[in-house]
Structure formats: structure tokens, C-alpha cells
Amino acid sequence: MNVPQEYRVLITGAGSGIGRVMAEHFEAAGAQIWICDADAEILRQCLKENPGWKGTPCNVADEDSVNGLFQEIQNGFGGLEVLVNNAGIAGPTAPVQDINPEEWRTTVGVNLNGAFYCTRLAVPLLQAADQASIINISSVAGRLGFALRLPYASTKWAIIGFTESLAKELGPWGIRVNALLPGVVEGPRIERVFHARAESEGIGYDAVKEKILNNVSMKRMVSADDIAEMAVFLCSDAGKNISGQSISVCGNVENL
């Protein structure tokens with residue numbers, strides 16, 4: 001699946017993890033890549049290993065930082081065809097009464113405010129482009145209740161409303177807006193979540209993993225490549241009439 005070679009793609013939080021894998025897939029499909037990450041050292045190493053990419057250190061929860069990112073994109077790219085709002089954090093794992101309000105604010109700041117700060121500056125660039133797209137990364141926690149993960153789940157539910165509202169608003173400009181809902185994605189991040197949940201519930205890591213995968217119809221995790229391939233598809237000509245959708249890539253997670 002290819003995208004037009006002139007496609008300029010910004011992926012937030014892409015120094016590692018799903019974001020980096022998406023950047024690799026978009027590049028392989030023919031796009032030009034710009035990434036950002038809050039961790040300047042991770043970003044530096046990523047750009048060293050991918051010399052064809054451009055990148056900017058950016059904390060998407062900080063409006064001034066996002067303003068600086070888009071100034072660099074305007075100067076270095078001159079426009080944009082694709083925005084992927086990927087930056088996100090897991091937030092705390094705890095009962096609601098034990099969640100520190102600062103942890104709540106931090107999770108909302110990165111996962112929701114960051115998507116807004118980036119989108120409001122990206123839209124004028126996307127309106128000037130052909131076949132433009134926004135991909136918002138939600139989660140299966142954006143369609144299912146997730147006990148002990150209230151800040152994370154709340155932001156991911158919010159991203160669904162953010163996506164559907166933007167799809168209606170931006171459709172007349174030919175900008176399609178979709179959300180991807182990853183399930184249990186293999187890798188270090190989900191391992192940290194499993195460990196945190198094991199500690200919170202007072203059970204073993206393996207028991208948590210088994211419990212979660214028993215709620216997946218296909219009884220397996222998905223990969224970052226699975227998410228990336230769907231993102232590229234949605235931004236390609238093959239996905240030109242898909243908008244306002246929340247698409248789970250999860251093996252059918254039944255419950256969390």
C-alpha cells in the first residue's frame with residue numbers, strides 16, 4: 001500500500017514504540033517523515049538511525065512547544081498532508097480515590113490537550129493539501145470501561161468524540177479524520193502496564209497477562225506493525241472515502 005510520494009507526514013511521540021513503527025511504514029510507502037518526541041535523547045538517536053527523517057523535540061502538552069514544532073514544520077516542510085496524533089502516556093494504575101490530581105492533569109495534558117494543540121495548527125496546512133488525513137490514536141480503552149485506569153480511559157474515550165466531531169467539521173475540505181484503537185500491543189509498554197496492574201491487584205504478572213488475553217477473542221496480542229499498516233491504508237488512495245471511523249486493531253478485545 002503506497003501513498004503519494006509528495007505526502008508530508010507528522011507523527012507525534014514517534015521516537016520509539018508505535019509512533020516510530022508508523023514512521024517506518026509511512027516512509028516505506030513513499031512519504032516524507034517528520035517526527036517529534038518529548039525525550040530529546042530518544043529523538044536524537046531515532047533520527048540518527050533514520051537519516052531521511054526530520055524531527056523536533058516537543059512536549060505536546062505544552063502549547064508553546066507545539067507552536068515551535070509547527071514553525072519548524074512550516075519552514076522545513078512548507079505544508080502537511082497527514083497528521084498522526086500518536087503521543088500518549090499510560091497514566092496511573094490505581095483506584096480513583098488514590099489517583100493524584102496532578103497525575104490526572106498530566107494524562108489529560110498529553111493524551112487530549114496535545115492532540116488539540118497539534119490539530120489546531122495542522123488544519124490550515126491540511127486544508128491547503130489534497131487528500132489530507134488526520135489519524136488519532138485512541139485505544140480499546142476508548143470503547144470499554146477500564147477499571148483502575150480512569151485517566152487513560154477517559155482521554156481515549158474523549159479522542160473518539162474529538163475524531164467524530166472533526167470528521168464532520170473538516171469533511172467539506174476533503175480532510176478525512178479517523179481514530180485507531182489498538183488493543184494489547186506487544187512490547188515494553190504493555191509489560192509495564194501488566195506489572196503495574198499486578199501490583200495494584202496483588203496478583204502475579206503472568207496471572208494478569210492471562211486474565212487480559214482471555215478477554216481477547218483471538219487470544220493474542222497485536223503488533224505495532226498491525227497498527228502502522230492500518231494507518232497507512234487509511235491515508236492512501238484506497239482509504240479516500242473512509243472518515244469519522246473508530247477502527248479497532250485488537251483481535252476483538254471483549255472486556256478489560
Ratio of the Cα radius of gyration of segment 201-256 to 2.2 N^0.38 Å, where N counts its residues: 1.49
Overall dimensions of segment 36-149 as given by Cα atoms, namely Rg and Dmax in Å: 16.0, 48
Segment 121-199: equivalent-ellipsoid semi-axes (sqrt of 5 x gyration tensor eigenvalues, Cα, Å): 31, 13, 9
Distant-in-sequence amide H partners of residue 246 (H built 1.01 Å from N, under 5 Å): 179
Per residue convex hull volume, Cα atoms of segment 149-254, in Å³: 104 Å³
In degrees, nearest ten, helix 114-127 long axis to first principal axis of the chain (Cα): 30 degrees
More than 21 Å apart - percent of Cα-Cα pairs taken over segment 13-86: 17 percent
Estimated vicinal HN-Hα couplings, Hz - segment 209-222 in sequence order (Karplus 6.51, -1.76, 1.60; Gly, Pro = x): 4, 4, 4, 5, 5, 5, 9, 10, 4, 8, 6, 8, 7, 9
Within the chain, helix-based [θ] at 222 nm, where runs of 4 or more DSSP H residues each add -39,500 (n - 2.57), nearest 500: -14000 deg cm²/dmol
For segment 128-143, 3J(HN,Hα) per residue [Karplus equation, 6.51 cos²θ - 1.76 cosθ + 1.60, θ = phi - 60°, Hz, x = Gly/Pro]: 8, 9, 9, 6, 7, 9, 10, 10, 9, 8, 9, 5, 4, 5, x, 10
Free-standing Cys, the chain [no other Cys Cβ under 4.7 Å]: 46, 118, 235, 250
Rounded tilt (10° steps) of 40-49 against the dominant C-alpha axis of the chain: 60 degrees
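Computed from the coordinates by the stated procedures, all read-outs in this text should not be read as laboratory data. The model shown is predicted, which means the values in this text are computed figures rather than measured ones. No Cβ is skipped: glycine too gets one built from the backbone with ideal geometry, and neighbour counts run over all protein chains shown.
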